[in-house]
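Just so it is clear, none of the values below were taken in a lab; they were calculated from the coordinates. Being a predicted model, the structure only gives us computed values, none of them experimental. Please note: Cβ atoms are built from the backbone with ideal geometry, for glycine as well, and neighbour counts cover all protein chains shown.
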Amino acid sequence: MTDDLRSSARLAWTRTALADPHAGLARASTDAGFRSYWRADGRDGSRIVMDSPPDKEDVRPWLRMRELLERGGVRVPRVLAQDVEAGFLLLEDLGVDTYLQVIDADNADALFDAAIAQLLKLQAIPCPDDLPDYDEALLMRELRLFDEWFLGRELGLALDRATLESLELVYRRLIDAALAQPRVLVHRDFMPRNLMPIHGRPADDGPAVLDFQDAVRGPIAYDVLSLFKDAFLGWPDDRVDAWIARYHARARAVGLPVPDLGEFRRDFDLIGVQRHLKVLGIFARLKHRDGKPRYIADAPRFLDYLDGVVPQYPELTPLADVLDRLVRPALHTSDHI
């Protein structure tokens, strides 16, 4: 279906769902994969239309995970109408701002406390038997994005056998550490951009959780890391340390399978290295494959994250060597990032 035909079908479906022949649509957000979100202003107020073209992105995994989270007490967008075959959903409108737009140094403690409350509910939900695992194959595919897209495409580095073997050794250690963690339901992008404060309600009543369709069974520290070491904003180490301790105490209090705080902090750091390498690869792929160059501007934040962790762990020394010997010289002698 052409864009014009899809646009016409979307508007017609919206007007029928709202029982309002004069309702209009305006783009509500971007960068949601093949999905798009539109704000519908009808006579009964504002609603959100999710358009998920069925030949590109099946809406049923999103609906299934939404139902699972809602049954577990997690605040998720309410579905007001749906046409699964056409790929249209009518959702409540939760507003225009996510945590990313509203969080600051003054309100971060309260907002993250509320986010932790939602995360604890999410992690307590039993994983369905057929939920995908964050397994060795998936972890390795993600790590390979770093050497293929960030080192190879973004920095133009041709890696020799010794360097590839060094990276392989580090990847093996990161994967082993991830697989050794207790397993829970993992959102995979539990970060401020995917959390929405519920306007007019206390902070501890929210946030609503978005973009959950790729959830898996995986390491318990993963979503905690995603929340506090975000792709789009950073925090001082002492505040992150306090938030990690706060999460850990609350997780233990509700019976989640967290190890002692020292071991959990190690799990947090090592799964963070895995995620930071993956994200560097994804940002480079967005630039070179998908024509979305703006994300790579945040790459220095992830290099800073790595600088703060990698030297603490002797088993990551080969990665430190790659960063020092190859990545920094390439950044300094080119127009990258």
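A few comments on the model shown:
- Sorting 40-49, 126-135 by their mean Cβ neighbour count within 10 Å, with the most densely packed peptide first, gives 40-49, 126-135.
- Residue-averaged 222 nm ellipticity for the chain, from DSSP H runs of 4+ at -39500 (n - 2.57), nearest 500: -14500 deg cm²/dmol
- Comparing S52, S29, S166 in a Gaussian network model of the chain where C-alpha atoms under 10 Å apart are linked, the largest mean-square fluctuation is found at S29.
- Ordering of 246-252, 22-28 by burial proxy (mean other Cβ atoms within 10 Å per residue, highest first): 246-252, 22-28
- The antiparallel fraction among DSSP beta bridges confined to the chain stands at about 95%.
- Three-way shape call for region 55-140 based on the alpha-carbon gyration tensor, with the a/c threshold at 1.5: oblate
- Taking the C-alpha atoms of region 3-92, convex hull volume expressed per residue in Å³: 98
- Cα-centred dipole magnitude for region 73-185, charges only on beta-carbon of K, R (+1) and D, E (-1), debye, nearest 20: 240
- Loop trypsin sites (Lys or Arg not before Pro), region 276-328, which have at most 11 other Cβ atoms in a 10 Å radius of their Cβ (DSSP): R289
- Taking the square roots of 5 times each eigenvalue of the Cα gyration tensor of the chain, largest first, gives ellipsoid semi-axes of 35, 25, 18 Å.
- Gaussian network model of the chain, springs between alpha carbon atoms under 10 Å - residue of L80, L89, L69 with greatest fluctuation: L80
- With R₀ fixed at 41 Å, the C-beta to C-beta distance from L261 to L331 puts the FRET efficiency at about 0.70.
- Of G291, G156, G281, the one that fluctuates the most in a GNM where the chain has Cα springs shorter than 10 Å: G291
- Of the DSSP H helices in the chain, those whose Cα atoms cover at least 27 Å axially and whose Kyte score averages -1.0 or more: 161-180, 261-288
- Peptide ranges 270-277, 306-313, 113-120 listed from the most packed, as the mean C-beta count within 10 angstrom indicates: 270-277, 113-120, 306-313
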